[in-house]
Every structure is written in structure tokens, then in C-alpha cells.
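Each reported figure results from applying straightforward, stated rules to the coordinates on display, with no laboratory input. The shown structure was predicted, so the numbers you read here are calculated from the model rather than taken from an experiment. A quick note on method: Cβ atoms are made from the backbone with ideal geometry, for glycine too, and the neighbour counts reach across all protein chains shown.
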Amino acid sequence: MTARDLALGVDVGGTNTDAVILDGLGTVIAHTKRPTTDDVTGGIRAGIADVLASIGPDRTRVSRVMLGTTHATNAIVQRRGLDRVAMIRLGAPAATEFPPLTGWPQDLAGIVLAGSAMLGGGHMVDGTPISPLDRDGIRRFVDGLDAFDAIAVAGIFSPSSPEQELEVAELLRGHLGQDTRVFLSQDIGPTGLLERENATVLNAALYSVALAVTDALVTVVAEEGLDAQTFFAQNDGTLMSLDYAAQYPVLTIGSGPANSIRGAAYLSGHDNAIVVDVGGTTSDLGVVVGGFPRESTLPREIGGVRTNFRMPDVLSVGIGGGTVVDVVSGRVGPESVGYRIDREGLLFGGSTPTLTDAAAIAGSPVAGRRLPALPSATASALRDALAVVTDRLDAAVERLSLGRADIPLVVVGGGGFLVPDRLPSAGEILRPDHGGVANAVGAAISLAGGRADQMAPMGDRESAIEQASEAAIAKAIQAGADPLDVSIVEILETHVPYTAQPTVNVSVKAAGPLARLTAGAVSG
Amino acid sequence: MAQTSPASHVAERITEVTADDIAALGIGTAIFGTGGGGEVYGAQTMVERELTTHGPVRLVSVDELGPDDVVMLMSGIGAPTVGIEMLSSKGQIHALLEEAERLLGRPVTTLMAAEIGGSNGVRPIGWAAQLGLQVLDADGMGRAFPDAAMVAMNAAGVHCDWAVQSDVVGNITVMKTVDLHWLERHARALTVASGSICIGAHYPMTAETVRGAVIEGTVSAAIRVGHALLNASDPVSAIAAELDARVLMSGKITDLDRRTVGGFVRGSVTISGIGEDRGRLQRLELQNENLLVLEDGEVLVSVPDLITIIDTETGHAITTEMLRFGQRVSVLAWPCDPVWRTPRGLELAGPAAFGYDLPYIPFEGAAR
């Protein structure tokens, strides 16, 4: 019997869908890059078919398929395919000075919001009800709505008093039908009402977008007759089930950068590095510390909306292979032709000057393609654009390196040719083999993770950390992590206010590579 | 007597606050918050919206106040961790103003921030826009402090006659206490009963009583610091230059020990130097605000001088409740307003007022 030791990683980006197969030693044995298709499925199908074809009969050794995608982020940024969401906040009269979606870009709010209501309910920090739950008001509000796809519910202090949101979900399903899509803020984020509410609305708006991707993956895996477990990569570099991914798409929003950063570091052999992933529309820079992406808990904006869930700490610059160069003004981006580069770029016979064309002046980045003869104004604008690219990338690297110029810079992504061989703010510049598919490699090497929380009196803080660490490691092993390789990757402490005794909540995350499955260990 | 703050003599005064200044004001007040003062983003969106709706707010100096003017402080009270979740209700400030004017028997014309640090430095602008009032370019602290008694007016011997407090469900309470320490005690107890967050109005003053009793120019100074950060390629140096502050160290947070006692965050944060500061270790003592910086067993800076932890990359201030293990930060320190270095000022807000048995050694800022 053959070993079932192969992992297939897929990354669906805005421009390309990449796929790789890694063997049991972690070596890339097959890789491909296909354009992302409007229906998503086509790109995934083509990518998976490609890499399977290149390993022939060994396809039966593929035991797991992991997918990471920035599809959800792109849908928000481009306002594409979003569902209409009705927002119910519980807690009035508290917080009525700040209506839901305060601070959203108006166009996005107009597309997403089917209506909002601030109704009685919610709790104070100590669990005291702010006002009675306005059940009639909830029914009246939803009955008065025109068309909506989903309902988001955010109760004040629902993270510590969760029962009322659950009751409202039941009420809504009882009133509107059991298949009504209801999303609760307690499942999405921590305290911080406006940010948690924003993330809950975005999550609800992304349901159809996410479902299309998970369905596409299931369909293609079935078509190919693979007997493999399927996973989605999430923001923190660990894996989640497909059901979960469809329900909580915002938790996959950062998986693209997380995979890119981890995949690039893995391929370069460096545990501490700055990674720049140059795609079709943006360059995303992140920092790898000890092999893991640096994360940020600071509130951050997604498509102009402020949210507060944990994400890899990524700096995005509007520079990509498809970035449009305006010949008249000399402006570089932020517009991009995205995946239409192979039709619209000058190098491909199109009429839009892009950064790929700028790079082609110095030598074609695409084998077998040459630029047509260019008017001198166009040629000079493209040459100037390259200098702008170098300046912007250098400034971005400098911000991430905290002034140290000796940290290696790992360049990956389809537009990596835009990064020059020397940058004043970077150390050695590395371009690892298979760097063009680092995202998919990152998905394929994704970790199994576990998180455990422990509340304890302040004096027992250290033993609480120890206990939570043990529990997190046990959960990670349960999720499939190799017991020999699992480690603590994060310790988060928050004080618990208004307790009689000073109390701390420690939250510990453990993660490790999936234990390699051997024939003997696999039953099905 | 209180004197002009160190930054206020540098540039021209700002006479009007527009919606375009609020991002800068939010950044500046977070920096003046010295770790406390609460999260400013929510306040910022509210104020931007109010200024867009009602137009700019007039910012006046003490010299511009006339005999008919009544200045009143308006501020949020309570736990910042609660304030980001249970936000204020519409009409909460109108109820406060109505009650204040009933007690005074005459209209309030001017709002002043109790503290320029944090959200309390931002929100009075939005409240003034909603209520149709002007704002005094001054505040009571020149930073953030945890106690209502720690205000320049108290150091100057100006009495507070009454205080009114309103909560999110509509309860209104008037407090006439014998002094600010009792006000603090009563206001805190009342705030816990109201769900740990309230809005209060207190310290009614006239043009006469305000003079020499407040820290002037601080609203303009906060806006300038914010603009300096927004326009800089190296935010940390730009802020330090604008404030005349010193960057004590850059590093990452390697230990955090925080707890909440009676509504106050207490604890310490340890920062290990990176880059040029590798090998150095600094510990900051926290009590809502950053109070002490220690290195090698020595106190480098102590309250009432200002200590702010900022994000090394962005320059944005990080409040004590937002500190996280592994964050890359720089520690910034600069001298307090001279009022806090007087004997009465040190009695109210010196190291001993926070329970530290330390002599106060004035921090000299950028110039050594």
C-alpha cells in the first residue's frame, strides 16, 4: 500500500489561482499557476487538475487539500457579490449616539446595508440588563424591510453575556423561517462594539462569496475523485473545516497574507525575514518572527471599514504587476487591470500601460513576449514608474524593519520581478525557488492549532499560563498536529474588570504541522 | 499659577476646529493621554460627524472670554474598556446641559476639556457642535490623570461648586461635595452603579476664575502633534520634535502584568530593546496612565512628567489596555506643565500621590 503523504495547497488570489503538491519531506513536487476565473471554480479546477496530472499515478497519495484565498477581501474592496444585511443592535438607549455602520464608506454601506435598528436589550459590564429586550421591535423591524439576505445581531456586552443574542437568533428563525441566515457578534470578535458590529456585518455580507469558494473546492475534489480531507486556511495560519469557513468568512480574510508570509519564509529557509508578496494589484509586506507571521490586534481597516479581529500584521502598497501607469500624469496606480493583464497589458497586445510593461523595458519578465514599439512619452513614463516602485518598496521595507537594514527580504509572488536586486533598507534579497507559488505552499504547510483560555486570580498568573499552554497543546494535537513539533505560538493576557479579586484571562495558542499520515495510521 | 504649556508658544493659535482637524486631534490626544484617557476612535467618528453636520467649532483663548461667558467642563467618566463597548446615548449631553443651566440660572457658553489626554480631549468638540457652544483652547490637566482632583484649577485654588452626571439609560444626578476628593469618590461609586461609564459636567467658571487656573493652548497643541505625525515619513522623530520629547528606547513588549482594581488598570509592562537598544530592558509602572519608567533599578522619568508608549512603525500612541505581548514600541517622555512642579501640584499629582515613595526629579526632555 502506498503512503498517503502528499499535501495539495491551493491559493485563490485576485489575479491567479496557484496550486502546489508537497511530498512528505515538504519538497515541492508539482506546481502551477492559472488565472483566477470570474466563477472561481474554473481556476481551482484548472490548478488542481494541472498538479495532479504532473504526478500521475501518485495522485492516490494526496491525503489533504488546503485552500487559502483573499477572495473575501477582494469582494469587499471591489464591492462585488456582497449580500444585503439587516443590522440589529441590542442595547438602546445606550450607544444611540453612534448608529450602526458609523464611519463606513458610503458606497459600501449603500450596497451592504438593507436597514438597521437600535433596539432595547443588551447588558452592562456586570450583566445588568440595559433595557428590556424589545421583541416586538425586532419583529416590526424585520417585517418592514424590503429585501435582505442575512441578519447581523450585535448586543452590547454580548461577549460576556451571550444568551440574549442566541435568544434573538431563535426569535428571528421562528418568525422568518428556520433557514434565515443570522450572524451573531459574539462569534466574530471581542469587546469593542463598533468594530465587532462592523466585522459581523461584513461576515454576513460575505456568506455567498465564501460559499461559492468552498463549494468550488468540494466540487473539484469530488470531480477528481480524490480521497482527501479538505481545509480552509484562516487568518492565524491554522486550518478550519469548510463548514466553518462558509459560516465565518471574515476569519479567512487574512489567510492570503498569512500563507504568503509563512510559505515564503519556509521556501527561503529563514525564520526571521521580511516578506514581500507582489501580486497583480498590491504588494503585501509582512514580517516573519521565528517562522510565524507577526500579528496585530490593533483595529484595522478592511475596504475602509474598521474591525478588530486578529490578523497578520501586513502593510499593503498599491504596486502589482497589473498596476496601471498613467502616461499623461505619470501616476502609478492604485488602479490595476488585475487578472485581465494577459489581455490588456501592452506586452500582451493590449492598450493599457502597466508595471509589467515597465519591467519589460529592462528585459521581458514574460518569456517569449516583447513589447511593441512604444511612443517615446510612453517609454519614458514607464521608465519613471520603475523608480517610483523602488522608492515605495524601500519606504515600506524600512517601516517594517524598524530601521535595521540587515534583515533579509524574501521576494515572492507573480510580480516579484518588480523588486530590484538592491534596496537600501533591506539586507540580502532572496528569491526562493517556487516563490511564485508561496501562497499555495503556505496553505499546504498550514498548521493544526488549538487555543485554550484560563481565568485565574492574578497571583496564579504563571500557573494559569502553564495550564492553558498544556490545554492548547492537547487541542492542537487533537486537531492533527504532530506531538513532536507542536509549540506555543502566542500568549495573550487580558485583565477581567470589576471582579472582587484581581483576575486575569490568559489565552494561549499552540500550533504545529499536521502529523504525517502513514498507511498504517489511516483507516479511511 | 498655571502657565502656558511648553508647546503652545511654538506656532500660531488655531481659532476654529473643522472636521478635517479631528483625525489629527485624535492622534494628538492619544499621545497626550500617556497611556490613559481611553480609546479615541469612537469619539473621533462622533466628532467628525457632528462637525460635518453642524459646521466648525470656534476655539477661543482665555483672553477672548467676556463677562457673560460661562465655562463648564464636560467629560466621560469610567472604565475605558467599558467605554469602547457601551457607548453614550443620544440626548445624554442635552440632559446634562439642561440640568447645569438650571443650577446656574444662566446659559453655558463655553465647553472645556477636563483633560486633553484621550477621548475626553476629543469629545467636547463634538458636544459643543451639537449644543451650539464654543470651546476653550485649554484643559485641566495638560495630559490625562485618573482623578478629578488632579486638575490645574484645584492647584490654583479655584473651587468646584457642583457636578452633574448622566448615564446611558437617562439617570441624572447632581452632586454637591465638600471637595474634589469627595466628588471623585461619589462620582466613581455612581459610575459603577450606572454600568461603569457616564458623562459628567462640572467646574462652572467665569472669565475671571478661568484666568491662570487652566492649562492653555492644549487643544491647538494636540492638533499640531497629530498633523506632524500624519505628514511625517519618520513619525516617531516627528512627534518627538513637535513635543520637545525624548525617545527613551525602542523595543518589544516581553512581559505584561495588568489587573483592574476598583475600576483602575494597574500593573507593569516590560520592554526589551531591539536594534540599537538591544540588551536594554525598561519597565513601566501603570495605573491607568504610564507613571514611571525604570531601567537598571533607576527611575528615568516619573509622573507628573509625561510618558507615552507609541507604535514604532506608525507613531500612534498605545493605551495601557491595548498593550500586547510582542508589540514593537518606542517609549516617549517629555516635561509636564510647570503647574504640576509647584508644591501644590506635586502634592496633587506627584509620585507620592500615586503611592510611590520617591523624590520627584524633573525630566528635562530632549535637551539634556
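Just grab the label-to-label distance for residue A:163 and residue A:227, each label 7 Å out from Cα along the Cβ direction, in nm (one decimal).
Here the modelled spin labels are 4.8 nm apart.
Hey, rough spin-label estimate for residue A:39 and residue B:230, points 7 angstrom out along Cα→Cβ, what's it come to in nanometres?
4.8
Within segment B:311-345, whose backbone N sits under 11 Å from a point 7 Å along Cα→Cβ of residue B:272?
Under 11 Å, as judged by backbone N against the label point of residue B:272, lie B:326 of segment B:311-345.
How much length would be gained if the chain were fully extended between residue B:281 and residue B:358, taking 0.36 nm per residue of separation minus their Cα-Cα distance, in nm to one decimal?
Taking residue B:281 through residue B:358 to full extension adds about 25.6 nm, to one decimal.
Can you compute the helix-only [θ] at 222 nm over chain B? Use -39500 (n - 2.57) per DSSP H run of at least 4 residues, normalise by all residues, nearest 500 deg cm²/dmol.
-8500 deg cm²/dmol
Given Cβ point charges of +1 (Lys, Arg) and -1 (Asp, Glu) and nothing else, what value in debye, to the nearest 20, does the dipole of chain A about its Cα centre take?
In total the dipole reaches around 900 debye.
Given H placed on each backbone N at 1.01 Å, which residues far from residue B:291 in sequence or on other chains put an amide H within less than 5 Å of it?
It is B:285, B:286, by chain and number.
Among rounded, prolate and oblate, which fits segment A:316-441 when a ≥ b ≥ c are the square roots of the eigenvalues of its C-alpha gyration tensor, a/c under 1.5 means rounded, and a/b larger than b/c means prolate?
prolate
Under the rule that an exposed site lies in a DSSP loop and has at most 13 other Cβ atoms within 10 Å, name the longest stretch of chain A with no trypsin sites (Lys or Arg not before Pro) of that kind, not counting the sites themselves.
Segment A:81-369 is the longest.
What is the average number of partner chain Cβ atoms found within 10 Å of a Cβ in B:48-55?
1
Tell me, what are the semi-axes, in whole angstrom and largest first, of the equivalent ellipsoid of segment A:1-126 as set by the roots of 5 times the Cα gyration tensor eigenvalues?
45, 19, 10
Among rounded, prolate and oblate, which fits segment B:16-218 when a ≥ b ≥ c are the square roots of the eigenvalues of its C-alpha gyration tensor, a/c under 1.5 means rounded, and a/b larger than b/c means prolate?
Judged from the Cα gyration tensor, segment B:16-218 comes out rounded (a/c under 1.5).
In whole Hz and in residue order, list the ³J(HN,Hα) couplings for segment B:226-242 that follow from phi through the Karplus curve 6.51 cos²θ - 1.76 cosθ + 1.60, θ = phi - 60°; x for Gly and Pro.
Each residue's phi maps through the Karplus curve to give x, 5, 4, 5, 5, 9, 9, 8, 10, x, 4, 5, 5, 5, 4, 5, 5 Hz.
For chain A, what D do you get in µm² per second when you plug the Kirkwood radius from alpha-carbon pairs into Stokes-Einstein at 4 °C and 1.567 mPa s?
My calculation gives 53 µm²/s for D.
Taking only Cα atoms of segment A:68-155, what ratio of Rg to Rh do you get with Rh as the Kirkwood inverse-distance radius?
Using only Cα positions, Rg/Rh for segment A:68-155 is 1.04.
Counting other C-beta atoms within 10 Å, which of B:268, A:469, A:351 has the fewest, and how do the rest follow?
Least crowded to most crowded, the residues run A:351, B:268, A:469.
Calculated from DSSP H runs of 4 or more alone, at -39500 (n - 2.57) each and per residue, what is the 222 nm mean residue ellipticity of chain A, nearest 500?
-9500 deg cm²/dmol
Compute the distance from the alpha-carbon center of segment B:305-342 to that of segment A:267-291, in whole Å.
Result: 30 Å between the Cα centres.
From the convex hull of the Cα coordinates of segment B:232-368, what is the mean projected area in square nanometres?
8.5
With just the Cα atoms defining each centre, how far is segment A:225-260 from segment A:47-114? Give it in Å.
12
Calculate the FRET efficiency for residue B:176 and residue B:18 from the Cβ-Cβ distance with a Förster distance of 41 Å, rounded to the nearest 0.05.
That gives a FRET efficiency of 0.60.
Identify all lysines with a Cα-Cα distance to residue B:90 below 28 Å; exclude those on the same chain that are fewer than 8 residues away in sequence.
In chain and number order, the partners are B:176.
Looking at chain B, identify the longest residue range that excludes and avoids all GluC sites (Glu not before Pro) in DSSP loops having at most 15 other Cβ atoms within 10 Å.
Between the exposed loop sites, the longest stretch runs B:13-363.
If you count, for every residue in A:97-103, the Cβ atoms of partner chains within 10 Å of its Cβ, what is the mean?
Mean shielding by partner chains, rounded to a whole number: 6.
Quick one: if you stick a label point 7 Å off each Cα along the C-beta vector at residue A:218 and residue B:94, how many nm between them?
About 5.2 nm separates the two model spin labels.
Rg(Cα) of segment A:85-205 divided by 2.2 N^0.38 Å?
Taking the Cα Rg and dividing by 2.2 N^0.38 Å, one obtains 0.95.
Using only the Cα atoms of the protein assembly as shown, what do you get for the radius of gyration and for Dmax, in Å?
Radius of gyration, then largest Cα-Cα span, for the protein assembly as shown: 28.6, 96 Å.
Just the C-alpha atoms of segment B:244-319: what Rg/Rh do they give, with Rh taken as the Kirkwood radius?
0.95
Working out 0.36 nm times the residue gap between residue A:3 and residue A:484, then minus their Cα-Cα distance, what length gain in nm do you get to one decimal?
Extending this stretch completely gives an extra 171.1 nm.
Just to check, using Stokes-Einstein with a Kirkwood Rh over alpha carbon pairs, what's the diffusion coefficient of segment B:166-314 at 4 °C and 1.567 mPa s in µm²/s?
Answer, rounded: 68 µm²/s.
With r defined as the distance between the Cβ atoms of residue A:433 and residue A:272 and R0 fixed at 25 Å, what FRET efficiency is calculated, to the nearest 0.05?
Between residue A:433 and residue A:272 the formula returns 0.80.
Over chain B, what per residue volume does the convex hull of the Cα atoms give, in whole Å³?
So the per-residue Cα hull volume is 123 Å³.
Return a whole-number percent for the relative contact order of chain A, with Cα pairs under 8 Å and 6 or more residues apart as the contact set.
14
Length gain on complete extension for the stretch residue A:455 to residue A:27, per 0.36 nm per residue less the alpha carbon to alpha carbon distance?
149.9 nm
For residue A:336, which sequence-distant residues (separation of 5 or more, or a different chain) have an amide H within less than 5 Å of its own amide H, given hydrogens modelled in the peptide plane?
A:324
Straight-line reach from residue A:475: which lysines have a Cα under 25 Å away, not including same-chain ones fewer than 8 places off?
Here the lysines satisfying the reach criterion relative to residue A:475 are A:509.
Tell me, what ³J(HN,Hα) does each residue in segment B:79-90 have, in order and in whole Hz, if you take phi through Karplus 6.51 cos²θ - 1.76 cosθ + 1.60 with θ = phi - 60° and put x for Gly and Pro?
Listing the rounded values in order: 8, x, 5, 7, x, 7, 10, 9, 7, 6, 9, 5 Hz.
Could you tell me how many cubic angstrom of Cα convex hull volume segment A:200-259 has per residue?
Here the figure is 76 Å³ per residue.
Counting only other chains, and only Cβ atoms inside 10 Å, what mean value do you get across the residues of B:165-175?
Going residue by residue through B:165-175 and averaging, the value is 2.
For residue B:138, list long-range residues whose amide hydrogen, built 1.01 Å from N in the peptide plane, is under 5 Å from its own amide hydrogen.
Excluding prolines and chain starts, which carry no amide H, the hits are B:113, B:217, B:218, B:219.
Output wanted: per-residue J couplings in Hz (rounded whole) for segment A:93-98, from phi through Karplus 6.51 cos²θ - 1.76 cosθ + 1.60, θ = phi - 60°, x for Gly and Pro.
Using θ = phi - 60°, the values come out as x, 4, 6, 5, 6, 10 Hz.
Based on the Cα coordinates of segment B:126-212, what is the per residue volume of their convex hull in Å³?
117
If you take the beta carbon distance between residue B:106 and residue A:326 as r and set R0 to 41 Å, what does 1/(1 + (r/R0)^6) give as a FRET efficiency, to the nearest 0.05?
In this case the efficiency is close to 0.10.
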